[in-house]
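For reference, the structure is listed below as C-alpha cells.
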C-alpha cells in the first residue's frame with residue numbers, strides 16, 4: 001500500500017509547525033511535501049531588529065531542509081488548487097511550473113500587506129512583512145541620514161531625517177521604537193552631524209497605541225515612545241502620499257522620503273480562489289481546522305477563520321501565537337484523519353504578549369502579569385529565544401555584541417526600492433527586473449535619494465550590467481551567447497486579489 005501524500009502550502013508559523021509535528025508523528029509512514037517560496041522559516045517578531053541593525057538577517061531565518069529532514073521541500077508559489085482533482089499547481093523560482101497531488105491538503109498560506117484606498121500609498125510606501133523589506137528599510141534609513149548630513153538646505157535635511165510609520169499595532173510600534181534608537185546612534189557623537197534631529201512619527205486612527213492589546217501594555221509603550229522622542233499621533237493617518245511627503249488627515253503636510261506601511265495584514269488571496277465560504281478573506285473551518293464538506297482539506301494560521309471556543313461567536317485573531325498553536329492541532333488532526341490518534345478541537349489559553357521597544361525597554365504581560373522596564377526586556381528576549389525553532393545561540397550572541405559594541409550603519413544596496421513593492425502577493429520575495437507578472441509600481445518614497453523608483457538603467461546599482469561587464473552584453477570581438485540562450489528573469493507570481501473592505505488591523509506577532 002502506498003504512503004498517504006500530505007501537501008502543506010506555506011511555511012509560516014502554522015505551516016512550519018504542522019510539518020514539524022507531522023514529520024515527528026509519521027516517522028516515514030507518510031509522504032510529506034512542503035510548498036514554500038523560500039527555503040527558510042521566518043521568525044517575524046524579530047524583523048524590526050533586523051531593520052535596526054541589531055540582528056543579522058540569517059539570525060531570524062531557520063532552514064527548512066535543515067530542521068525538517070523527513071519533509072520534501074518544493075520551492076514555489078501555489079497558483080491554483082483543484083479540490084476535485086486533489087492537485088496543487090505551482091510556479092517555481094525560475095519560472096518553471098509543476099503540480100503536486102495530495103491525499104491531505106493543509107492550507108497555511110499566511111498573509112500579506114493590507115492595502116487601503118489612499119492615493120499614492122501603493123506607489124510611495126513600503127510594507128514590513130518580509131526579510132527583503134526589512135533589509136531595504138535598513139539601507140534606506142541609513143542612506144537618508146547620510147544624505148541629510150551632506151545636504152546644504154536645512155529643509156532638505158529635515159525631510160530626509162523624518163520617518164513616518166503608519167499603523168501603531170505590534171509591528172509599527174516596534175519599528176518606530178527601534179528606528180528612533182537606530183537613527184539617534186548614527187548622529188550621536190558625530191562632529192559633522194551636530195544639530196541633526198532624526199524624527200520618527202507613528203500614526204494610527206485608533207485612540208491608543210496597540211489598541212488590540214492590554215491597555216497597560218499600551219500605556220507603557222506610549223510612554224517609552226514619547227520619552228524617546230517619537231512623535232506619536234493617535235486619531236491621525238495619511239490622506240495622501242506624494243514623492244516629497246505625506247498629507248495627514250488633520251491637514252498637515254509632512255515633508256519626508258520615508259513611509260513605512262504597518263496597518264496590518266490581510267489573508268493570502270489564494271484562499272479566495274477556492275469558492276468556499278469565507279470570513280473577511282479567511283477560509284472558514286470547523287474547530288478541528290477542517291474545511292466543511294472537504295474532509296481532506298485543512299486550513300490554519302492567518303488563512304483560516306478558526307472558531308474561538310473560548311469566546312463563542314468569534315474567530316481567533318491573526319497572530320503568530322495562534323498560528324503556531326494552530327499548526328500543532330492541525331498536525332494531530334491530519335494524522336487522526338489517516339487513522340493515527342484521535343482528533344481534537346483547537347483550544348487556547350492566553351499566554352500574554354511581549355513587545356520589544358529596543359535597548360532595555362519592553363512591555364510584557366506574561367500570564368496576565370503586567371511588566372515594564374528592564375525586567376520586561378529580559379522576559380521578552382527570553383520568550384523569543386524559547387519560541388524560536390533555531391538560531392538561539394546566534395541571536396543571543398548578536399544581542400550581546402550589540403550591547404557592548406557600536407552598531408554598524410552601512411548600506412549594502414542588496415534590495416532596491418522597486419524590488420519590494422507594497423502591493424504584492426509575495427512579500428517574502430524580491431521582485432525581479434523586467435518582471436511582467438507584477439502590475440505594481442513599487443516606486444517607494446525615495447525618489448530623490450538615488451533609490452530608483454523605477455527599474456534601474458543599465459550599469460546602475462541593482463540594474464542590468466553594461467557592455468563588457470560581468471553578466472552583460474559582450475564587447476566587440478568577443479563571443480556572443482547563442483540565440484535564445486537569454487531569458488527574462490522570472491519574478492513572484494501575482495495572484496488576483498479581489499477588493500477587500502478595509503477594517504482595523506489585528507496584529508501582535510509575539
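Set side by side, the residues 289, 248, 259 differ, and just one is at positive phi, surrounded by 14 or more Cβ atoms within 10 Å (Cβ to Cβ) and at pLDDT 95 or above, which is 289. Restrict the check to segment 327-345 and report whether at least one residue is within 30 Å of residue 164 (Cα to Cα) and under 25 Å from the mean Cα position of the chain (by Cα). There is no residue in segment 327-345 that is within 30 Å of residue 164 (Cα to Cα) and under 25 Å from the mean Cα position of the chain (by Cα).
Scanning segment 304-321 for residues that are within 23 Å of the chain's Cα centre (by Cα) and either over 24 Å from residue 24 (Cα atoms) or at pLDDT 95 or above (or both) gives 304, 305, 306, 315, 316, 317, 318, 319. Across segment 96-105, not a single residue is classified as touching a strand residue (DSSP E or B) at 6+ places or on another chain (Cβ under 8 Å), part of a loop (DSSP other than H, G, I, E, B), over 23 Å from residue 332 (Cα atoms) and touching a residue at least 60 places away in the same chain (Cβ under 8 Å).
Scanning segment 166-189 for residues that are assigned to a loop (DSSP other than H, G, I, E, B) and in contact (Cβ under 8 Å) with a residue 12 or more places away in the chain gives 167, 168, 169. Taking strands (runs of 3 or more DSSP E) as the structural unit, those lying wholly within segment 208-310 and holding at least 1 residues that are free of Cβ contacts under 8 Å to residues at least 24 places away in the same chain correspond to 245-248, 253-255, 282-284.
For every residue, the table says whether it meets (1) assigned to a loop (DSSP other than H, G, I, E, B); (2) at pLDDT below 90; (3) in contact with a strand residue (DSSP E or B) (Cβ under 9 Å, 6 or more places away or on another chain); (4) closer than 20 Å to residue 38 by Cβ.
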site	(1), (2), (3), (4)
399	no, no, no, no
403	no, no, no, no
408	yes, yes, no, no
413	yes, yes, no, no
426	yes, yes, yes, yes
429	yes, yes, yes, yes
438	yes, yes, no, yes
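Hey, can you tell me all the residues within segment 67-91 that are loosely packed, with under 15 Cβ neighbours inside 10 Å, in contact with a strand residue (DSSP E or B) (Cβ under 9 Å, 6 or more places away or on another chain) and not in a strand (DSSP E or B)? Result: 85, single match. Among the residues of segment 370-416, those that are without any contact (Cβ under 8 Å) to a residue 24 or more places away in the chain, surrounded by fewer than 17 Cβ atoms within 10 Å (Cβ to Cβ) and within 27 Å of residue 14 (Cα to Cα) comprise 378, 382, 385, 386, 392, 393, 396. Among the candidates 278, 318, the residue that is in contact with a helix residue (DSSP H, G or I) (Cβ under 8 Å, 6 or more places away or on another chain) and surrounded by fewer than 22 Cβ atoms within 10 Å (Cβ to Cβ) is uniquely 278. None of 376, 386, 363 is more than 29 Å from residue 63 (Cα to Cα) and part of a helix (DSSP H, G or I) except 376. Only one of the numbered conditions (1) modelled with pLDDT of 90 or more; (2) over 20 Å from the mean Cα position of the chain (by Cα); (3) closer than 21 Å to residue 365 by Cα is not met by residue 214, and that is (1).
Go through the residues of segment 329-351 one by one and say whether even a single one is within 25 Å of residue 267 (Cα to Cα) and assigned to a strand (DSSP E or B). No; the residues of segment 329-351 include none that is within 25 Å of residue 267 (Cα to Cα) and assigned to a strand (DSSP E or B). For residue 10, the requirement of being surrounded by 24 or more Cβ atoms within 10 Å (Cβ to Cβ), at positive phi and out of contact with any helix residue (DSSP H, G or I) (no Cβ under 6 Å at 6 or more places or on another chain) is met.
For segment 116-152, give me each residue that is within 14 Å of the chain's Cα centre (by Cα) and either crowded, with 23+ Cβ neighbours inside 10 Å or closer than 26 Å to residue 79 by Cβ (or both). Residues satisfying the conditions are 126, 127, 128, 129, 130, 131, 132, 133, 134, 136, 137.
The values are calculated or read from the model by the stated rules, or taken from the named source; none is laboratory data. In this text the structure is predicted, and so the values were computed from the model without any measurement. Don't worry about glycine lacking a Cβ; one is built from the backbone with ideal geometry, like all the others, and counts go over all protein chains shown.
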